Amino acid sequence: MTKDQLKLRSLIITALFAAITGVMAQLFIPLPLVPITGQTLAIGLAATILGSKYGTLSVLLYLAIGAAGVPVFAEFSGGVSKLVGPTGGYLIGYIPTVFIMGYYLEKTSFTIKNALIANIIGMFITLIFGTAWLKVAANLSWTAAFMAGFAPFIIGGFIKAALASWIGILTRQRLMSAKLLFHEQLSKNKDKIA
């Protein structure tokens with residue numbers, strides 16, 4: 001299989017992750033301002049499996065589809081208004097989150113331990129972006145924004161980080177061994193299990 005064929009397969013899997021994120025967004029627990037969703041688990045999986053480049057592309061595709069009005073955001077919603085509304089900071093925050101998580105894994109190694117570290121870092125990046133945006137968009141105090149947009153998600157964030165790390169590394173290894181995923185770091189032999 002040529003390098004171009006492997007890249008094409010990686011792009012197809014990237015698009016698939018944008019779709020998976022849209023599906024996982026519909027798994028939610030409503031809260032007063034910000035619902036708990038499966039989006040962050042999907043974002044963690046995208047970064048862990050695809051790395052920085054393709055993971056970020058999957059998030060950009062997901063956000064573009066949602067901004068165009070396709071109901072892929074939580075509660076079957078879509079449109080630009082979601083990106084600039086009170087929960088928009090979480091959505092926009094997915095971009096640096098996935099890039100930094102993937103970059104960390106590429107610079108260290110794709111192991112469950114490193115994936116857990118990356119996913120925990122990613123959780124905090126998303127929560128910081130989301131809380132800061134929530135404070136401004138909903139005109140809240142820092143304390144109210146923290147209590148509504150950060151504190152309720154910490155325990156669930158750690159659980160999702162652990163799941164994304166374990167499932168993500170195992171899935172990545174299987175995709176790479178089946179030659180369904182291409183990654184530039186493969187030549188450096190950084191894919192191993194811990």
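The values are calculated or read from the model by the stated rules, or taken from the named source; none is laboratory data. Because the structure is predicted, anything quoted here is derived from the model rather than measured. Note that each Cβ is placed from the backbone with ideal geometry, even for glycine, and that neighbours are counted across all protein chains shown.
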- Task: Test Gly44 against the criterion of being in contact with a His (Cβ under 8 Å, 6 or more places away or on another chain) and either buried (at least 21 other Cβ atoms within 10 Å of the Cβ) or among the aliphatic types (A, V, I, L, M) (or both), and give yes or no.
- Result: no
- Sole residue being under 22 Å from Gly88 (Cα atoms) and at pLDDT below 95, chosen from Gly130, Gly157: Gly157
- Query: Of the residues that sit in the stretch 123-168 and are without any contact (Cβ under 8 Å) to a residue 24 or more places away in the chain and not in a helix (DSSP H, G or I), which one is nearest to Gly102 (Cα to Cα)?
  - Reply: Phe150
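Condition check ((1) touching a Phe, Trp or Tyr at 6+ places or on another chain (Cβ under 7 Å); (2) not hydroxyl-bearing (Ser, Thr, Tyr)) across all residues:
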position	(1), (2)
Ala15	no, yes
Gly22	yes, yes
Ser52	yes, no
Ala68	no, yes
Gly85	no, yes
